[in-house]
Structure formats: structure tokens, C-alpha cells
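First up is the structure itself, then whatever we jot down about it.
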Amino acid sequence: MTESIYNINSFQGLSQKEAKKTLMADGFNELPSQKKQSWFSILIRVLSEPMLILLLAGGAIYLAMGEPRDALMLLSFVFVVIGITFYQERKTEKTLEALRDLSSPRALVIRDGEQIRIAGREVVRNDIVIIQEGDRIPADAVILSCQNLFVDESLLTGESMPVRKVEWDEKMNSQRPGGDDLPFVYSGSLVTSGRGVARVNYTGINTEIGKIGKSLEGIKDEDTLLKKETAKIVRAVAVIGLILCALVVIIYIFTKGDVIGGLLSGLTLSMAMLPEEFPIVLLIFLTLGAWRISKNKVLTRRSDAIETLGAATVLCADKTGTLTMNKMELSNLYVDDSFCELDDTKPEKLSEKFRTLLECGVLASQKDPFDPIEKELNKMGELYLKDFTKDHFDLIKEYPLSKELLALSHAWRLNSTELVVASKGAPEAILDLCHVNENQRQQILQKVQEMSDKGLRVLGVARANSTLEILPDNHHDFDFDFIGLLGFIDPIRKTAPDAIKEAYEAGMRVIMITGDYPGTAQFIAEKIGIKNTEQYLTGEDLEKLSQFELQEKIKTVNIFARVIPEQKLLIVKALKANNEVVAMTGDGVNDAPALKSAHIGVAMGERGTDVAREASSLVLLNDDFSSIVVAVRLGRRIYGNLKRAMGYILSVHIPIAGMSILPLVFNMPAMLLPAHIAFLELIIDPACSTVFESEKEDDDIMKKPPRDIDQPMFNFKTVLLSLLQGLGVLIATFVLFLFVSNSGKSEAEVRSFVFVSLVLANLMLIVINLSWSKNIYQIIVSANKVLFAVIIGAMLSLFVVLYVPFFADLFRLAPLGIKDFLWIGLAVLVGLAWFEVLKLLRNENTKN
């Protein structure tokens, strides 16, 4: 048999009644996607935050006291936070929806003996589906009839070349995708040439795509170390704060007999002690970081992965579509023991023999093809063969590719008496058509091997001239001459070599994982600069290795070839077992389990599938591999700035908490009320975090090795310096408080002194913590614009609550004069002067 018999009319298909019954039993042919969060679930999650619970409690107490204005002020903070959260959730959801397919692919099926086109989600088991060039396969199916059918399964296998399909022999059981001459097609794959009729075996979650999606359910998301560390600190301090809160309430009731006042004082202390800013600033930092990264065409799906990026030690990259373009380019021609390299950016005139080879390749292709190789041949023909066109010829007969002969031929009429037959296909098949002798055959096959070792996909080309009036049924009956070889390559991304070089300079190791053959993988790896390319492991090798053996091997091997999805997941797990911090890039369904299991999964936005995107932490919107290096750089910058911001927050909490409890200890009026704490924590602190976030990275940030992910952000040095800064401000503020209290000023005026001192100290702490090496003058001169915006905004807000009677009454404050501000400024400077002296001494020691 030279070709498969393609016959649609012999199929009756399901009846509409049968299809409806199966649809009711199996459900729609679609994969379950991540559920959207309802507005109610978002509301519950936001309201469960400790700070908001305290604000709500404070509002309730004020209402019980008959103070609706105070209650509304506190509740307004709650509404602001809820509004911001809703906006962020909605924005993220819209961005993800924009990436999803607009609708499921349409499918042509036979029902009740008639061809009808339906939505892909309505395809059911045992449906008869007609597939042809350009179609997306709607479900897993078995081929009943086909002609010259080739399917691109790269989304499932990682192999860039389409695979040949044959009819089912009614015996073979279902097989995994990948490899030629299988009678099975799979959901999500693409028909590149030919046509066929198939019967659906599996739909929805039962397809190969569905199985991969199902494996994702067993992989749990991991919180980052920083998130765990922050949560642990918040819990510990919250417990201490609650205990002190209870003691304050008891002391207040017994000493002053005021239950409501005791509750408000205890609530104020709890709000002052609770380091709610840690998770809030962490959220703000990562949200702003996500926005900053998005400007570099990277969408953040899990913002906490941004800080993990700076600690990444291994980057696992899928070859097809990530390091390469996932398309075929004609790069080499071979004729009569000589090669010619083509460059579509600088086309040069071809010699006659290479011109003849390219002409025959074009004649052996369709006029308007879908197959990527034939598209490339036509493109290069237009580029290099300016005066050559198929319009001068009439296509008389096509000889399609078959399982028995992996070559196809086109017979064209040159004139009234002469025909030219052009053939292209597997080199072995073309050599059989040409009936070359064994010596010639071995010489040509040696050249084929040389080209294959360079990562090329090789096709042979032959030509025959004929004057026959009646053409034979088999192209074997023509007298073909061997013309030459065409070499196609899946080109590497132009940005990949520089990106990999920068990754190595940053102390990151690069591993390439692919479904392709080892020779191709090694060639690509060498070309893009991956190290240690002489070593590789195949999928077959992985099957033989124990987990421990794989952990040892993976310490030096950077190339993994002929790998299936489950094995990619094993590779990532082995790296994690070796305490590596793994970032995995990929675009296909086959990458999804590894993407989800990795510390940072990076999916492709243009070529990537929904399954891959939903499993990932980051999505490269432009599919540019170099964007991952930009993300790493920003991840390191964000972490460094975040560390300084967290140190500042730790230090500023000490005077706030101290001034909440010390007046009570000395049996003096409470200086800070819940409104003051809310003002400090929900307006100034989040705004200040933007100052730190906006700081540029150091010039050598990508010359340093990745940070140790197990090293806590709050190490001894950070905590000690932050505590000393906070104690300095607390001592200065408390001394000022005692001085003013004994000067005959009113309670409102004393409270204004304390409140303004804390606001100014807050701003001063921001400035001095922007750098632990520059002095305050150098920081101000080189500071970003956001710093000045925050200072101006904070001072304007401060003047509003001091000098606008309505707000001054709400905050229980009184106006201050210029002289008062000078005293406050002096106290704050004295409290923090020691840190500037410490910087000076440290810089002197460094110079010496």
C-alpha cells in the first residue's frame, strides 16, 4: 500500500441523542480552571487581618461610648484597605483572563451521517472527528482514516518537529504522545499537514493534557521563607502584645476605675505592639515589584515568588520555544560534497547547483502550505529565487508521503511535452527513489549524520524529468536524480546566549531539559553557552536511576534529553533535595508539573498553554528568555530594599509601643489613641515602603552569588541596629514628653508634642535607613523623588490634623508653634545622631 485510503463518506458517527447522553454522563470536554475568588471570600480574608480586627474593635468601643465620629474615622481605614485589595484582585484577574483563550477550538464532527461544526467543549467520547491542516485536535482520539497526516505535539512532548500519523490497525493500545507512525492524536496538538478521520477515546480531564493537569493537584504550593519568618514574628509579638494589653486593661481599671478607658488603652497598645506593617509592607513591596517587573513584560501570578527570585541557584529551561524559537529555518544546503549556509538577513546570490536544489525543494512543496517546513522553503525561495515562481508551472499530480516511503513528490508540467517531478523527504527514502549505489549512499548518509550532529533536521531532494503522457501511480517508477540535502534548524533565541552568560555571572546554574535527541540538545547547549555539555542524561537513563543516584548525577549534568513530563518533575525534585533554589521556565503542558513544583515557575505568555500559566509563578508576556534574568535582577533589588524597609519598621515600632505604655506606667494621661496608631501605621508606613522600593539596585548586584535562602532577613545585626535606633527615638521622645508635661502645657498640647515627634522620627528613620553606609547628606542628595513626595505628603497630613479644627478635635490634638517644632526636631536629631556617627566610624575603618 503506497498511501492511506481517506474516505469520509463511510462514517455515520453518533446520533445527536447518543452525543447528548454521553455529554450528560462525562461532562464538557474542558479542563477545570482555577476558581475565581468571590467578593465575599475576598472580604472575609481581608477582614481576618489582625490590624483590621483591632480597628473594628476600636470602632465598636467608640460607638458604645457614643462617639460616632471617632468610630467612623477608624472604620474609614478599614474601607480604604478593603478597596485597595479589591482593586488589586480585580486587576490581576483581568490580566489572567486576557491571557486565556477567547473560546474553545471548534471541531468538525460527523453526527447522524452529516458533517457539523461544534464547539470543542461539546465533543464527546466516540464522536467521529474530521481533522485537517491547521486544526487544533479537540480531544484524544484514534485515527480511522488519514492521508499524509502530520501533527505538531510539541506542547505535550517538547519535540519541535511534527510527527507522522497512520491508521489504527484495531490492535494497538493507547500510547504516550511522541514518535512517528502512531495511530493516536492528542488534545491540544496541531495538524500541520494532511487530513484524517478519528474516533474520540478520551475527553476533558481524561486526556493526556488532563492527566498532566490532574498531577498538579498533588503538588502543594510552598510559602517563601520570608513569609514564614514574617508570620512567625507577627505571631510572637502579637502574643506578647495581647498579654501586655490584658495587663494594661487590668491596671487601668484598678488604678483609675475606667473600664472603657482601659479597653481603649489596651487596644492602643495592641495596635502599637502588633507589627502589622510587616505583612502589609511585604504585600506592598511585592505588589509594586510585580508592577515594576510587568514593565519588563513579565506578569507576576504569585507575588511572593519575586523575593525568591533573588535566591535562585538553578534555572531549568525547556529548550523548545524557550531557548529556541520553536520553528524551522532553512540554514544549510548540501550539493556534491559542498555546503552553503543561508542567512535570511543577508541573502546572497546562489551558485547554479544550490539554486537548483532550492528550486526543487520549492516545487516539492504546496503553493500555500500550513506545514512549517514548506512555509520556510517558499519563504527562502522568494528571497533567493527572485525570477522563479510556481505560477509558470501547472501541478499535474501529487504523490503523498506514506509509511512505506517517507517522501512526497509533485509532478509539474513545463510545456506541452515535458514534465518535471520534484521530490523531498527523509534522506534514506530519497536515496531509495534515486537507486544510488552503496558507495554513494554511505557518502551521503555520512553528510546527513554530520548535519544532524549540528542540530539540523535533514531532508533529501531529488528530481526527475518525464515525457510520459499517462503518469504512473507510484513515484518509484520515475527515474530520479539525487540533487542534495536541505538542513533546517530550530533557531536559538538571539537573547539567550547573553542571558545565560549573565545568569552564570550571577552565580546561577543553567540546566536545559528537552524532549529532543541528545545530539541536538548538546549542539544547542554549546551554541548558547551552557557549561559541561559533554555530559547528559536521557529519559531512559532517568528510569534506571534511584532518587539518590539522580541527586548525585544532577550535581554536574546540565543537559537532559528525551525527557517526559513526569521525569521533568523528578529532576526538579532532585535539585530541591540538593538544597537548590529552582526556577523553571517552560511553555507547554508538559512543563506544568515541574513549573508548579519549582520554587519559581516561569511560563511563556504567547506560546504557553493555560495549564502552564496557571501552574506558574511568573509569565513572560513576550516569551523572551532574557526577561527571566531581568526578573532575577529585580528580585535581588526588591529583597535588598525590603530588608532595609523591614529594619526601619522594626525600629519605628519601639517608640510607638513605648509611648503607648510608659505614660500609664507613670500614672500619666494616655498620649496615643487608636486613631494616632492608625494614622502612623496605615498612612505613613505603607507610603514609606514605596521610598525603599524605589531605590535603585547596586551596580554589582548581578556579580554577586545568590543569597542563602535559609538565612533569615532578621539576623542579629539587623535586629540589634533596629532596636538601638528605636530605643534612641523612644528615649528622646519620652524625655521631651516629661519636659513638656512639667511645663504647664495642656494634655492636648503634650499629645501634639508626642505625636509630632513620632511622625518626624518616622521620616528621619526612613532617610537614615535608605543606606547604612552613606551619611544623611549623601542620602538626601541622591535620594529618589518618592522620598520627597512622602515627606511632603506626611507633613501636609500632619498640618491638617494639627491646624484644621475638625481633625484636631478628632485626634485630640492642639496646634504647635515654630519654637515647638524646633524643640521636637532637636530631640529627634539627638536620638538618632549616634547612628550617623557609627556610619562615619565604619566608613573610616573601611578606608583604612
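For the stretch 345-381, filtered to residues that are basic (Lys, Arg) and part of a helix (DSSP H, G or I), the residue that is least open to solvent (accessible area, probe 1.4 Å) is ARG355. Remark: pairs (first residue in the stretch 442-457, under 15 Å from GLY425 (Cβ atoms); second residue at pLDDT 90 or above and among the β-branched types (Val, Ile, Thr); Cβ separation under 6 Å; 6+ apart in sequence or on different chains) = VAL448/VAL458.
Looking only at the stretch 370-388, residues that are out of contact with any Pro (no Cβ under 9 Å at 6 or more places or on another chain) and under 20 Å from LEU333 (Cβ atoms) come to 9 in all. Kindly evaluate SER797 against the criterion of being closer than 20 Å to MET671 by Cα, in contact with a helix residue (DSSP H, G or I) (Cβ under 9 Å, 6 or more places away or on another chain) and not basic (Lys, Arg). Here the answer is yes, as SER797 does meet what is asked.
Beta carbons closer than 8 Å, at least 6 apart along the sequence or on distinct chains, pair a first residue in the stretch 296-319 that is over 27 Å from ILE284 (Cβ atoms) and touching a residue at least 24 places away in the same chain (Cβ under 8 Å) with a second that is β-branched (Val, Ile, Thr) and assigned to a helix (DSSP H, G or I) for LEU315/ILE628; CYS316/ILE571; CYS316/VAL572; LYS319/ILE524. Evaluate the following for SER294: is it polar (S, T, N, Q), more than 30 Å from ALA462 (Cβ to Cβ) and modelled with pLDDT of 70 or more? Criteria met by SER294. Of all residues being of a type in the set (Phe, Trp, Tyr) and farther than 18 Å from VAL630 by Cβ in the stretch 494-527, which is surrounded by the most Cβ atoms within 10 Å (Cβ to Cβ)? Just the residue, please. Checked the stretch 494-527; the qualifying residue surrounded by the most Cβ atoms within 10 Å (Cβ to Cβ) is PHE523. Going by what's in this entry, would LYS397 be described as basic (Lys, Arg) and open to solvent by 40 Å² or more (accessible area, probe 1.4 Å)? Taking the combined requirement at face value, the residue satisfies it. What number goes with the only condition from (1) farther than 30 Å from GLY484 by Cα; (2) more than 12 Å from the chain's Cα centre (by Cα) that LEU309 does not pass? Against the list (1) farther than 30 Å from GLY484 by Cα; (2) more than 12 Å from the chain's Cα centre (by Cα), LEU309 comes up short only on (2).
Among the β-branched types (Val, Ile, Thr) and closer than 20 Å to THR324 by Cα: which single residue out of VAL436, VAL458, VAL448 fits that description?
Exactly one residue qualifies, and that residue is VAL458.
One residue stands out among those in the stretch 476-491 that are touching a Leu at 6+ places or on another chain (Cβ under 7 Å) and over 17 Å from MET451 (Cβ atoms): the one that is modelled with the highest pLDDT, which is PHE480.
Within the stretch 619-656, work out how many residues are open to solvent by less than 10 Å² (accessible area, probe 1.4 Å), more than 22 Å from LYS703 (Cα to Cα) and either at pLDDT 85 or above or out of contact with any strand residue (DSSP E or B) (no Cβ under 7 Å at 6 or more places or on another chain) (or both). Result for the stretch 619-656: 9.
The condition (being under 17 Å from the mean Cα position of the chain (by Cα), over 17 Å from LEU156 (Cα atoms) and hydroxyl-bearing (Ser, Thr, Tyr)) is satisfied by just one residue among SER597, SER546: SER597.
Checked against the criterion of being part of a loop (DSSP other than H, G, I, E, B), at pLDDT below 75 and either surrounded by fewer than 21 Cβ atoms within 10 Å (Cβ to Cβ) or not β-branched (Val, Ile, Thr) (or both), the candidates SER270, SER303, SER265 yield just one match: SER303. Look at the stretch 527-546: where a residue is in a helix (DSSP H, G or I) and a partner is open to solvent by 50 Å² or more (accessible area, probe 1.4 Å), sitting 6+ places away or on another chain with Cβ atoms under 8 Å, you get GLY539/ARG562; GLY539/ILE564; GLU540/ARG562; LEU542/LEU570. Counting only residues that are within 22 Å of VAL767 (Cα to Cα) and touching a Pro at 6+ places or on another chain (Cβ under 8 Å), the stretch 652-679 holds 1 of them. Residue count for the stretch 162-214 under the criterion of being among the polar types (S, T, N, Q), in a strand (DSSP E or B) and open to solvent by 30 Å² or more (accessible area, probe 1.4 Å): the result is 1.
Would you be able to say whether some residue in the stretch 675-688 is open to solvent by 40 Å² or more (accessible area, probe 1.4 Å), closer than 21 Å to LEU796 by Cβ, touching a residue at least 60 places away in the same chain (Cβ under 8 Å) and within 44 Å of the chain's Cα centre (by Cα)? Spell out the reasoning first.
Pass one, the stretch 675-688, residues open to solvent by 40 Å² or more (accessible area, probe 1.4 Å): 683.
Those still in the list that are closer than 21 Å to LEU796 by Cβ too: 683.
If we keep only those that are touching a residue at least 60 places away in the same chain (Cβ under 8 Å) too, we end up with 683.
From what's left, within 44 Å of the chain's Cα centre (by Cα): 683.
Yes, the stretch 675-688 contains a residue that is open to solvent by 40 Å² or more (accessible area, probe 1.4 Å), closer than 21 Å to LEU796 by Cβ, touching a residue at least 60 places away in the same chain (Cβ under 8 Å) and within 44 Å of the chain's Cα centre (by Cα).
Cβ-Cβ contacts under 6 Å between residues 6 or more apart (or on different chains), taken from a first residue in the stretch 654-665 that is at negative phi to a second residue that is open to solvent by 40 Å² or more (accessible area, probe 1.4 Å) and of a type in the set (S, T, N, Q), are absent. Within the stretch 148-159, can one find any residue that is in a helix (DSSP H, G or I), modelled with pLDDT under 85 and either at positive phi or of a type in the set (A, V, I, L, M, F, W, C) (or both)? The answer is yes, given that some residue of the stretch 148-159 is in a helix (DSSP H, G or I), modelled with pLDDT under 85 and either at positive phi or of a type in the set (A, V, I, L, M, F, W, C) (or both). Residues in the stretch 450-473 that are surrounded by fewer than 13 Cβ atoms within 10 Å (Cβ to Cβ) and out of contact with any Asp or Glu (no Cβ under 7 Å at 6 or more places or on another chain): ASP453, LEU468, GLU469, ILE470, ASP473. The set of residues from the stretch 533-558 being loosely packed, with under 14 Cβ neighbours inside 10 Å and among the aromatic types (Phe, Trp, Tyr) comprises just one member, PHE548. Residues of the stretch 403-443 that are within 46 Å of the chain's Cα centre (by Cα) and farther than 16 Å from ASP371 by Cβ: LYS403, GLU404, LEU405, PRO427, GLU428, ALA429, ILE430.
Tell me the residue from ILE571, ILE530, ILE564 that is buried (at least 16 other Cβ atoms within 10 Å of the Cβ), among the β-branched types (Val, Ile, Thr), at pLDDT 90 or above and under 30 Å from THR207 (Cβ atoms), please. Don't jump to the end; show me each part of the working.
Values: ILE530 fails: under 30 Å from THR207 (Cβ atoms); ILE564 fails: at pLDDT 90 or above.
Selected residue: ILE571, the only one of ILE571, ILE530, ILE564 that is buried (at least 16 other Cβ atoms within 10 Å of the Cβ), among the β-branched types (Val, Ile, Thr), at pLDDT 90 or above and under 30 Å from THR207 (Cβ atoms).
The values are calculated or read from the model by the stated rules, or taken from the named source; none is laboratory data. None of the values given here were measured: they were computed from a predicted structure. Cβ: placed from backbone, ideal geometry, glycine included. Neighbour counts: every protein chain shown. We work out accessible area using only protein heavy atoms, side chains counted, and drop any ligands, DNA or RNA first. Shrake-Rupley method; radii C 1.70, N 1.55, O 1.52, S 1.80 Å.
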